[in-house]
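Working notes, beginning with the structure itself.
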Amino acid sequence: MENENDIKLVSNYLNGEEDALKEIVQKYYKTIYRFLFNYIGGSPESADLTQEVFLKIWKKIKKYDKRHSFKTWIFTIARNTAIDFLRKKRNSVFSDFENVDGTNMLEENLSDDLPSASEVFSKIENAKKLKEELDRLPVIYKEVIMLKYQEEMDFGEISTVLKRPEETVKSQHRRALIMLRKNIDSSKFF
Amino acid sequence: MSKEFKHLFSGLEKQEVPLGLYDDIVFKLEKARIKKGRTGLLIQSILSITSLVAIFPVFMNVVERFSQSGFFQYLSLIFTDGEIVLSNWKIFVSSLLESAPFYEVTILLVAIFVLLESLKFAFRNFKMIQYRIYQPN
């Protein structure tokens with residue numbers, strides 16, 4: 001239903017109804033801003049990046065394939081914009097834990113038991129602390145968590161945004177939670 | 001379990017959006033739209049004028065070719081010797097086709113097509129420039 005409304009807005013805009021573009025901005029600018037803010041670690045450039053994302057959406061809107069979800073499409077654009085930004089800033093650590101074969105050494109050493117939310121939550125004093133811990137996660141895990149719990153996407157949608165197989169996303173989700181717990185456990189000693 | 005995690009991470013959603021961000025986005029889009037519209041209008045106007053200027057000599061050339069090729073003479077046979085044309089219609093049609101200056105006609109049609117299309121896009125770009133999506137408070 002939500003996607004049908006989005007498709008209608010896109011169609012209206014492409015048919016010359018310029019105000020439909022404003023409605024698209026109105027509907028998504030807050031979520032995109034928050035997504036970018038958390039993705040790039042709370043950098044003040046989030047607002048500029050949000051503007052850039054909507055500029056890209058406007059430029060590419062004719063290429064949007066109506067068979068797919070509009071929300072996942074714009075989040076793909078937002079994510080790519082954030083990655084470009086982080087690359088430019090040279091503080092993006094995508095594969096610090098990966099070797100040349102793409103094997104994640106940290107993942108290999110993690111136990112497979114999935115912690116419960118209460119288990120994680122009991123060790124976190126507040127949202128600020130949670131954000132700090134989330135920011136410590138490698139980007140590939142952090143983005144899965146953000147899309148799953150902040151944007152309430154299902155694994156299929158996340159898989160589309162991140163262009164990764166759904167099974168990989170599920171596995172990364174599980175490992176992200178394990179890693180989060182591990183980080184929280186270790187941070188207690190400092 | 002998913003709900004529990006959703007609750008856990010819901011605290012992160014409270015990040016305040018900077019005041020005026022919506023206006024900034026719409027203003028940026030407005031600037032980009034107008035820039036695109038002006039560029040498009042300029043290109044389409046040049047194309048419209050060029051094709052309009054080209055149509056006149058191309059049209060004169062087509063008319064000249066038609067009269068030189070004997071096309072009109074063949075065509076006038078329909079009115080003067082209708083019965084002969086009917087009895088030899090296959091030869092008549094092939095003679096008409098052979099004498100028609102297709103190349104020149106094609107160029108004329110292309111020029112008309114370019115003129116109409118460039119006018120259509122120029123009008124669209126003009127409308128885009130005229131319309132304002134950003135209305136400052």
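The values are calculated or read from the model by the stated rules, or taken from the named source; none is laboratory data. Owing to the predicted nature of the structure, the values given are computational and were not obtained by experimental measurement. As a convention, Cβ positions derive from the backbone with ideal geometry for all residues, glycine included, and neighbour counts pool all protein chains shown.
On the basis of being modelled with pLDDT of 90 or more and of a type in the set (D, E, K, R), does B:Lys90 make the cut? No: the conditions fail for B:Lys90. Taking the criterion of being part of a helix (DSSP H, G or I) and among the charged types (D, E, K, R), the residues of the stretch B:14-31 that qualify are B:Lys14, B:Asp23, B:Asp24, B:Lys28, B:Glu30, B:Lys31.
For the stretch A:40-63, the criterion of being farther than 25 Å from B:Lys36 by Cβ, of a type in the set (D, E, K, R) and either within 11 Å of chain B (Cβ to nearest Cβ) or assigned to a helix (DSSP H, G or I) (or both) is satisfied by no residue at all. Go through B:Ser87, B:Ser76, B:Ser99 for me and flag whichever is over 30 Å from B:Ile25 (Cβ atoms) and buried (at least 16 other Cβ atoms within 10 Å of the Cβ). Going through B:Ser87, B:Ser76, B:Ser99 in turn, the sole match is B:Ser99. Taking first residues from the stretch A:73-89 that are on the phi < 0 side of the Ramachandran plot and of a type outside the set (Lys, Arg) and partners that are assigned to a helix (DSSP H, G or I) and surrounded by fewer than 16 Cβ atoms within 10 Å (Cβ to Cβ), the Cβ contacts under 6 Å between residues at least 6 apart in sequence or on separate chains come to A:Ile77/A:Lys56.
Could you check A:Asn15 against (1) more than 10 Å from chain B (Cβ to nearest Cβ); (2) more than 23 Å from A:Ser159 (Cβ to Cβ); (3) within 14 Å of the chain's Cα centre (by Cα) and say which number it fails? Answer for A:Asn15: the failing condition is (3). A count restricted to the stretch B:101-137 and to residues that are more than 18 Å from B:Leu52 (Cβ to Cβ) and touching a Ser or Thr at 6+ places or on another chain (Cβ under 7 Å) stands at 1. For the stretch B:13-34, the set of residues classified as at pLDDT 90 or above and among the β-branched types (Val, Ile, Thr) consists of B:Ile25, B:Val26, B:Ile34, listed by residue number. Within the stretch A:12-28, one or more residues are buried (at least 16 other Cβ atoms within 10 Å of the Cβ) and closer than 26 Å to A:Ile140 by Cβ.
The residue that is nearest to the other protein chains (Cβ to nearest Cβ), among those in the stretch A:25-39 that are over 12 Å from B:Leu29 (Cα atoms) and more than 17 Å from the chain's Cα centre (by Cα), is A:Gln26.
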